[in-house]
1. For Ala62, enumerate residues with amide H under 5 Å from its amide H, sequence gap 5+ or separate chain, H modeled in the peptide plane.
2. Can you give the calculated 222 nm mean residue ellipticity of the chain, where each DSSP H run of n ≥ 4 adds -39,500 (n - 2.57) and the sum is split over every residue, rounded to the nearest 500 deg cm²/dmol?
3. Using DSSP to define loop residues, name the chymotrypsin sites (Phe, Trp or Tyr not before Pro) in region 41-84 whose beta-carbon has at most 16 other beta-carbon atoms within 10 Å.
4. Considering only DSSP beta bridges whose two residues both sit in the chain, what percent are antiparallel, to the nearest 5?
5. Among Trp106, Trp150, what is the fewest-to-most ranking by other Cβ atoms within 10 Å?
6. Roughly how big is region 17-273's charge dipole about its Cα centre, with Cβ charges of +1 (Lys, Arg) and -1 (Asp, Glu), in debye to the nearest 20?
7. For region 165-232, what class follows from the C-alpha gyration tensor (a ≥ b ≥ c being the square roots of its eigenvalues): rounded when a/c is under 1.5, otherwise prolate if a/b is larger than b/c, else oblate?
8. Say the cut-off is 22 Å between C-alpha atoms; which of Lys140/Lys261; Lys64/Lys261; Lys64/Lys238; Lys238/Lys261; Lys51/Lys243 go over it?
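Each reported figure results from applying straightforward, stated rules to the coordinates on display, with no laboratory input. Predicted, not measured: the structure shown is a model, and the values here were computed from it. With ideal geometry, Cβ positions are generated from the backbone for all residues, glycine too; neighbour counts draw on all protein chains shown.
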Amino acid sequence: MKGLKLAALNGQKRTVIDVGGVRIGEGFTMIVGPCSVDDEETFLATAVAVKEAGADMLRGGAFKPRTSPYAFQGLGLAGMKILAKARNLTGLPVVTEVVDPRDVRWVVDYADVLQIGARNMQNFSLLREVGRTRRPVLLKRGMNATIEEWLYCAEYILSEGNPNVILCERGIRTHETYTRNTLDLSAIPAVRELTHLPVITDPSHATGRPSLIGPMCNASVAAGSDGLILEVHCDPNKARCDKDQALTPEQFAAIDRNVRKLHHFMEDEQDAQDPSGSAQWNMHDICGGYDLQSPGACGN
Ligand code: PEP
Ligand code: MN
């Protein structure tokens with residue numbers, strides 16, 4: 001990918017993005033909350049519960065890009081105000097989606113991180129607009145996008161002067177219908193060898209099934225993800241958007257415990273092998289001694 005002028009790794013240090021004291025790309029970041037901001041009481045209750053369960057940041061959509069124009073589209077400005085209240089109450093920074101370039105200039109007043117959703121990954125005027133701010137941007141991979149197309153979208157944002165881009169693998173469309181999408185785990189180490197940008201995973205949209213989210217969280221950590229974004233609702237049956245994939249705060253707490261343990265284990269392994277901390281993840285010991293750095297090393 002020779003055309004990546006700003007996103008390419010090229011031996012430079014990995015980018016760490018500071019969002020109100022949460023350092024994305026250093027340690028492990030958990031971004032948690034409902035798909036949409038449904039109403040104030042529910043959102044604040046969920047925010048408090050997920051903070052107690054281990055969340056580092058909150059998520060919640062005030063603008064929802066929906067398949068049907070008749071489905072709940074989000075609360076808009078009223079939703080942003082609820083996000084601001086939740087931030088004050090919990091102290092956690094908030095991530096929220098912006099869908100229209102015309103809204104960027106005021107949404108930056110509410111969002112600590114601007115999310116660009118999968119459906120808007122190649123909305124180039126939106127990418128340029130968020131690129132003209134200095135707010136961190138969470139750039140989701142489009143459901144039909146190649147890794148190359150995704151990284152060029154990051155390049156659009158960077159080329160406007162905003163260096164704060166976080167990539168998010170959220171599953172791609174394949175022939176499989178049992179899962180909502182197919183989590184492309186290989187994209188995580190791929191973007192880590194191509195770019196210096198942090199990359200997180202969204203197993204909620206990738207699987208669409210609560211029972212599969214925990215295992216895919218663990219797999220994401222093992223693949224080298226810098227964090228997770230998860231949909232959690234204090235009363236999933238009442239969620240106005242994506243209720244079938246919403247976890248309860250208790251289910252999230254169990255995932256959080258496992259993921260943190262696994263991440264510490266991975267860090268210890270890495271420190272033991274590379275005390276300078278300069279190498280990428282090396283899974284050699286963890287994966288039973290196969291040399292995963294050399295293609296074909298498994299011999300079958
Ligand atoms: C979301 O995060 O709620 C969302 C709509 O995600 P995606 O853009 O990945 O479908
Ligand atoms: Mn959702």
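1. Answer set, sorted by chain and number: Val37, Glu97.
2. Working: 9 runs with 105 residues, N = 300.
After summing the helix terms and dividing by the residues of the chain, the value is -11000 deg cm²/dmol.
3. Working: sites: Phe43, Phe63, Tyr70, Phe72; in loops: Phe63, Tyr70, Phe72.
Counting only loop positions with at most 16 other Cβ atoms within 10 Å, the chymotrypsin sites (Phe, Trp or Tyr not before Pro) in region 41-84 are Tyr70, Phe72.
4. Numbers: 5 of 30 bridges.
Taking every DSSP beta bridge with both residues in the chain, the antiparallel ones total about 15 percent.
5. Working: Trp106 12, Trp150 25.
Listing Trp106, Trp150 from fewest to most nearby Cβ atoms yields Trp106, Trp150.
6. Values: 28 positive and 34 negative charges, 139 e Å.
It works out to roughly 660 debye.
7. Values: a/c = 2.01, a/b = 1.54, b/c = 1.31.
Verdict is prolate for region 165-232.
8. On the way: Lys140/Lys261 26 Å; Lys64/Lys261 34 Å; Lys64/Lys238 17 Å; Lys238/Lys261 32 Å; Lys51/Lys243 20 Å.
Correct reply: Lys140/Lys261; Lys64/Lys261; Lys238/Lys261.
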